[in-house]
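Bear in mind these aren't lab numbers, they're just calculated from the coordinates by the rules spelled out. Because the structure is a prediction, the values reported are computed rather than measured. Quick reminder, even Gly has a Cβ in these numbers, built from the backbone with ideal geometry, and neighbours come from all protein chains shown.
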C-alpha cells in the first residue's frame, strides 16, 4: 500500500498515520526525518541539504527527491510506505509520480483529513505543555488535575508559542496555500480520499479504515 497523508496542523493526521502504518506494516516516510538522518550520516545529499538549511534557504526539490529515492530503495519499503509531509507542492508531486513510474509503482490513495479552521484553533489554543517533562494537556478535553500544574512532575504548564492563536492561523494559511493545489492535483487523478476529521479519534479512524474496505 502506497499512501500520502494530508491534513492541517492539529487535524489528528499523525494519529491516523500511525494506525495505517501498523495496519499495513509499512514505514512512515517523513522528509524531515530523512533529512536529519542523511545529514547525521554525512551522506552526499545530506551535506547538500545542510548547506541550504544553514543558509536559511529551502532545500531544492531535486535534493529532496534524491533523498526520497534513496529512502524508497530500503528493504522496509518493499510492501509500501506512507508519505507524511511530502509532497508539499505540485512540482514535487509530479516529480514523485515520475520517480514511482521508473520504479514500476504508483500511489494507491491520498488520504486528506478535513477539519474546519475554527475547530483547529479551538483544539490547539487549548493545549498546555510541560516544559520539564513534555507532558501535554488540554484545558477542555484533557485538563490537568490541578489547574496549570503538570500531573506527572508538578511543573508549571505553559502555552507554547506555536499553540497561540495568531501563530496557528498563520500555519493554517500556509497549509491551505500549499495544499489546495495538491488536493486539486490528486483529485484530478481520482486518488484523493477526503475524510471528515471532526469527532473522536476512534470515529475518524473508522472513516479512514472505510477507504480501504
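Quick one: angle between helix 90-102 and the longest Cα principal axis of the chain, in degrees between 0 and 90, rounded to 10, please. Result, in degrees: 50.
For the chain, the mean residue ellipticity at 222 nm estimated from helices alone is -15000 deg cm²/dmol, where every DSSP H run of n ≥ 4 contributes -39500 (n - 2.57) and the total is divided by all residues, rounded to the nearest 500.
When the scattering of segment 123-203 is computed by the Debye formula from its Cα atoms alone, each counted once and equally, what is log10 I(q)/I(0) at q = 0.15, 0.22 Å⁻¹? The computed values of log10 I(q)/I(0) come out as -0.72, -1.01.
Using C-alpha pairs under 8 Å with a sequence gap of at least 6, the mean separation divided by the residue count of segment 1-70 gives a relative contact order of 21 percent. The alpha-carbon atoms of segment 17-137 define a convex hull whose volume equals 173 cubic angstrom per residue. For segment 58-121, the average shadow cast by the Cα convex hull is 5.8 nm², which is a quarter of the hull's surface. Relative to the longest principal axis of the Cα atoms of the chain, helix 31-41 runs at roughly 70 degrees. Taking every DSSP beta bridge that has both ends in the chain, the antiparallel portion is near 30%.
Using only the C-alpha atoms, the convex hull of segment 168-210 corresponds to 73 Å³ per residue.
Taking the average, over residues, of other Cβ atoms within 10 Å as the packing measure, peptides 190-200, 1-11, 50-60 rank 1-11, 190-200, 50-60 from highest down.
Annotation: Cα Rg of the chain relative to the compact-globule expectation 2.2 N^0.38 Å equals 1.11.
Once C-alpha pairs closer than 8 Å and six or more residues apart are averaged by separation and normalised to the residue number of the chain, the relative contact order reads 27 percent. Helix 165-188 axis versus longest C-alpha principal axis of the chain: approximately 30°, rounded to the nearest ten.
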